[in-house]
1. Could you please tell me which pairs satisfy a Cβ distance under 6 Å, a separation of 6+ or placement on different chains, a first residue in region 263-277 that is within 17 Å of residue 512 (Cα to Cα), and a second residue that is at pLDDT 95 or above and of a type in the set (S, T, N, Q)?
2. Of all residues in region 407-452, which are assigned to a loop (DSSP other than H, G, I, E, B), small (Gly, Ala, Ser) and crowded, with 17+ Cβ neighbours inside 10 Å?
3. Do we have residue 249 as over 30 Å from residue 500 (Cβ atoms), among the hydrophobic types (A, V, I, L, M, F, W, C), in a helix (DSSP H, G or I) and without any contact (Cβ under 8 Å) to a residue 12 or more places away in the chain here?
4. Among the residues of region 345-381, which ones are surrounded by 24 or more Cβ atoms within 10 Å (Cβ to Cβ) and among the small types (Gly, Ala, Ser)?
5. Among 545, 564, 509, which is without any contact (Cβ under 8 Å) to a residue 60 or more places away in the chain, touching an Asp or Glu at 6+ places or on another chain (Cβ under 7 Å) and on the phi < 0 side of the Ramachandran plot?
6. With the condition kept exactly as written, say whether any residue in region 530-539 is under 21 Å from residue 485 (Cβ atoms), modelled with pLDDT of 90 or more and buried (at least 19 other Cβ atoms within 10 Å of the Cβ).
7. Only residues in region 312-327 that are surrounded by fewer than 16 Cβ atoms within 10 Å (Cβ to Cβ) count as the first member; pair them with residues that are among the polar types (S, T, N, Q), Cβ under 8 angstrom, at least 6 apart or cross-chain, and list the lot.
8. Which residue pairs have Cβ atoms under 9 Å apart, sit 6 or more places apart or on different chains, and have a first residue in region 196-219 that is free of Cβ contacts under 8 Å to residues at least 12 places away in the same chain and a second that is surrounded by 13 or more Cβ atoms within 10 Å (Cβ to Cβ) and assigned to a loop (DSSP other than H, G, I, E, B)?
Amino acid sequence: MIQATGASQGIAIGKAFVLPHWEWELPDQKIDVADLAKEFDRLYEGIRRSKSEISQMRTELDEVVGSEEASIFDAHLAILEDPIFMNEIQGIIQRQYKVAEVAVKEAIDHFVTMFDLLDDEYMKERALDIKDVGNRLLKHLLGAPEISLPEDTQPFVLVVRELSPSQLVHLKPDLVLGIVTMVGSPTSHSAIMARAFGIPMVMGLEGKLQSPIVTGDHLVIDGEAGTLQLDPNSEVVARYTDMRKRLIAQKEQLLKLVEVPSVTQDGVAMMLAANISSLKELETALGNGAEGVGLFRTEFLYMDRTRFPTEEEQFEVYKTAVQKLKGKSLTIRTLDIGGDKQLDYHELPEEENPFLGFRAIRFCLEHKDLFKTQLRAILRASHYGNVKIMYPLITSVEEVREANRLLEEAKRELTAEGVPFLTEIKAGVMIEVPAAVAIADMLAEEAAFFSIGTNDLIQFTLAVDRMNERISHMYEPFHPAILRMIRTTVQAAKTKGIPVSICGEIAGDVNALPIWLGMGIEVLSLSAQAILPLKERVLHSRASDGRYVFEEMLRCATAGEIKDLARRYFAEAALAPGNAQPLI
């Protein structure tokens, strides 16, 4: 067994198909000054054809898995429009009189080498995007066919050094049993897409194989454990076949819980809402039994285009979401742009620390016209159902007051125009930074509800960039400080009498359930895929035991101790109500 890194859960058993590297034979020739214009025309035609292909792939992917994953290709289009990248290519042609394909290859190599030298996992992953886009452009300049997958209908485990999103989008999920890559990160675009497709994926095999994997080799991969078995014996195959059958059976069993109320054994209800980025994701969430939407990430309405969306365009999306929910609540987060979410058509300032910079509510309050356009669209949609508004990255009372002032302006405008809306619409805030926790009692005076955004709260509290592979192991949701930050926020909300929910990856972590039961949390907002596994745990848990365990957790000094208590809590859950024994 070879230990690597799991990137997408699931077990795959089958024969390998090794995808060859991009390999190009480039012409060793110079051009005359008189041919420069012709060479630039070839370059621009290659760019046009590449952009057309990428746009088509984006549309196809959007139809399959939704706009959030499809927006990966917006980054590819942005590379072809990036003035620095294109100036590099044009400069090589014009100054060195090299043909377009040679100039493109040299520009790719230059930027990839530069990014690979950076001690930043995110930038290393963007190097793969540049290679992907550059190779697509080279393909058109050279008139070369695209590297394709097997034509037969036999399912296979795809093996490749690194897999680009362009290659992955052409896969037929029913033929690809799993994916193995030599390099890469679970946060890469390809890993994100593999999870969206539901394809098991293991990565990081480089330097761990005694001999290369070749087409036809028999493989077993475990995408959760991050392991690979090369040419396994019959006993190993049988064991993993049984594991795979059990996983499939578990998924089928979980689907039976879709209509079952999420209530603990001692009668405590817990609402399981969904985080979504598109209407397609909403359909998936409802199919998994979501009781509402706790977070609608509206930034993807802004990223999938060449201009800001109009009020009418936003209104139609929000209205459709409200109608699909049929009375269930829809919490719409206002535009959270900046950081790692950029707009191709609106240049944001370059910042050394963009995650701590000009983003989210800060951007909205400086661009009041754009913000009010969104608020008007949300208000109009509220006429059709149960809608709430949520402001992201709040750090001060002043921000909440200014946002609410603009909300009231939008209400007055719509009233004057005779446009109906929910006059008592609730406006809440996301608690994502330590400053918001510190003044949670004050914010509770201004906000109608809290949603604790745990992803950013963990990152900012622990000063850990989880995209940085050197310190990502320090990103610890069960750190004692995180429990205390969340408890402080929950207590402030309850003192004021406003609702509070938990949002982020830890909301869907079944091991965190005793924490939420212990704090008396009634609403969790999580990914659609996490709803049913968590509901199953809720149904087999008792809130009374959760309260006891949580008090013990608060005495723990390490994350390991806290997680150990959580595991033992679920072991105790098999006991009859009231029979739980002390865990420590």
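1. From region 263-277, the pairs are 270/262; 272/262; 273/525.
2. Quick first cut of region 407-452, residues assigned to a loop (DSSP other than H, G, I, E, B) only: 418-425, 432-433, 439, 444-449.
Adding the requirement that they be small (Gly, Ala, Ser) leaves 418, 444, 447-448.
Within region 407-452, 444, 447, 448 qualify.
3. Values: over 30 Å from residue 500 (Cβ atoms): yes; among the hydrophobic types (A, V, I, L, M, F, W, C): yes; in a helix (DSSP H, G or I): yes; without any contact (Cβ under 8 Å) to a residue 12 or more places away in the chain: yes.
Considered against the rule, which asks whether it is over 30 Å from residue 500 (Cβ atoms), among the hydrophobic types (A, V, I, L, M, F, W, C), in a helix (DSSP H, G or I) and without any contact (Cβ under 8 Å) to a residue 12 or more places away in the chain, residue 249 comes out as yes.
4. 360, 377, 381
5. Working: 564 fails: touching an Asp or Glu at 6+ places or on another chain (Cβ under 7 Å); 509 fails: touching an Asp or Glu at 6+ places or on another chain (Cβ under 7 Å).
One residue alone meets the criteria, 545.
6. First, the residues of region 530-539 that are under 21 Å from residue 485 (Cβ atoms): none.
There is no residue in region 530-539 that is under 21 Å from residue 485 (Cβ atoms), modelled with pLDDT of 90 or more and buried (at least 19 other Cβ atoms within 10 Å of the Cβ).
7. So the pair list comes out as 327/386.
8. Taking only residues 6 or more apart or on different chains, the pairs are 207/182.
The values are calculated or read from the model by the stated rules, or taken from the named source; none is laboratory data. As the structure is a prediction and not an experimental result, all values here were calculated from the model. Don't worry about glycine lacking a Cβ; one is built from the backbone with ideal geometry, like all the others, and counts go over all protein chains shown.
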